[in-house]
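Let me begin by presenting the structure, written as structure tokens, before commenting on it.
The values are calculated or read from the model by the stated rules, or taken from the named source; none is laboratory data. Treat the numbers as computed from the prediction; the structure is a model and nothing was measured. Cβ atoms come from the backbone with ideal geometry, glycine included; neighbour counts cover every protein chain shown. When the accessible area is computed, the model is the full protein with side chains, heavy atoms only, and any ligands, DNA or RNA have been set aside. Shrake-Rupley method; radii C 1.70, N 1.55, O 1.52, S 1.80 Å.
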Amino acid sequence: MDRWAGIEKMDPNYPVKRILGPYRFEIPFGYMTGRPTPEQVNCYPVRKRIEFAFWMPDLRAPKDDTWGKSDFRPQEPGRDAPGPQDYIVEVPGVMFIDTKAGKSESPSVRFWNSLSMLDEAFGFEQKYGLLRVLPGKNPNVYDDYSDLSQEDYKIILNCSRPEDHRLNPLCQAYLYFTDLQLETVVRFPADALPEWRKIKDGVRTLAERWIVKGKPDQN
């Protein structure tokens with residue numbers, strides 16, 4: 001019990017080291033989800049996926065670990081109650097996808113796979129600067145959006161539908177940064193969908209901020 005309590009005493013700026021492909025990251029402890037206990041913080045294998053969370057719009061770290069929680073707008077001690085423009089973005093996965101070695105980035109594959117599962121006629125419309133799938137008479141679990149036309153990123157989003165009346169409606173995005181060859185899974189409240197570009201930019205800003213220049217450690 002004491003060692004888990006030690007997490008609360010950790011310096012939120014303590015650098016957590018991770019390696020993905022050619023990149024070495026140093027991520028402030030306060031951003032991590034599934035936060036490791038103090039004696040293990042840099043003892044996990046460094047070559048693994050990265051998980052983190054941050055607040056929009058200021059990109060600050062959450063005070064508490066968001067792992068396993070579904071509230072995107074928690075009331076944090078010492079802060080005002082979150083408004084409509086304040087919410088947590090969860091990034092439960094960052095992976096290096098070496099497309100130059102023949103691997104495929106996920107958004108395009110997921111988009112075409114989802115369309116192949118539709119048996120009835122369907123259509124498209126433009127909404128929020130994204131291509132939205134109109135499923136027609138096909139059963140639809142999510143609202144599906146995508147933008148696969150950009151040179152520097154590809155994105156597909158699956159969002160809860162308002163008529164489903166979910167307790168915490170959300171969007172889950174698969175976002176691939178072409179030049180970095182980094183793919184991220186991103187979750188945020190469904191009512192923030194119109195701000196998806198700002199969220200995308202926030203994910204990239206933090207990822208680039210944490211990349212340490214030079215070659216990754218080999219140990």
Please count how many residues of the range 183-217 are small (Gly, Ala, Ser), under 21 Å from residue 18 (Cβ atoms) and open to solvent by 10 Å² or more (accessible area, probe 1.4 Å). 2
Take the residues in the range 100-123 that are surrounded by 10 or more Cβ atoms within 10 Å (Cβ to Cβ) and among the basic types (Lys, Arg); name whichever of them is nearest to residue 181 (Cα to Cα). 103
Any idea which of (1) farther than 21 Å from residue 88 by Cα; (2) part of a strand (DSSP E or B); (3) open to solvent by 60 Å² or more (accessible area, probe 1.4 Å); (4) in contact with a Phe, Trp or Tyr (Cβ under 9 Å, 6 or more places away or on another chain) is the one residue 133 doesn't satisfy? (3)
Does any residue of the range 140-150 turn out to be more than 18 Å from the chain's Cα centre (by Cα), part of a loop (DSSP other than H, G, I, E, B) and over 28 Å from residue 52 (Cα atoms)? yes
Suppose the filter is of a type outside the set (Asp, Glu) and under 27 Å from residue 54 (Cα atoms); does residue 175 pass it? yes
Counted residues in the range 10-28 being buried (at least 20 other Cβ atoms within 10 Å of the Cβ) and under 14 Å from residue 61 (Cβ atoms) come to 2
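To keep it simple, each residue is scored yes or no on (1) at pLDDT 90 or above; (2) closer than 17 Å to residue 92 by Cβ; (3) under 15 Å from the mean Cα position of the chain (by Cα).
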| residue | (1), (2), (3) |
| --- | --- |
| 4 | no, no, no |
| 7 | no, no, no |
| 30 | yes, yes, no |
| 34 | no, yes, yes |
| 46 | no, no, no |
| 54 | yes, yes, yes |
| 58 | yes, no, no |
| 62 | yes, yes, yes |
Conditions first: (1) closer than 30 Å to residue 84 by Cβ; (2) touching a Pro at 6+ places or on another chain (Cβ under 6 Å); (3) of a type outside the set (D, E, K, R). Residue 142 passes all but one, so which condition is the exception? (2)
With criteria (1) crowded, with 17+ Cβ neighbours inside 10 Å; (2) modelled with pLDDT of 95 or more, residue 126 comes up short on (1)
Reported set for the range 155-182 where residues are over 22 Å from residue 210 (Cβ atoms), open to solvent by 20 Å² or more (accessible area, probe 1.4 Å) and either in contact (Cβ under 8 Å) with a residue 60 or more places away in the chain or in contact with a helix residue (DSSP H, G or I) (Cβ under 9 Å, 6 or more places away or on another chain) (or both) is 158, 161, 162, 166, 167, 168, 169, 170
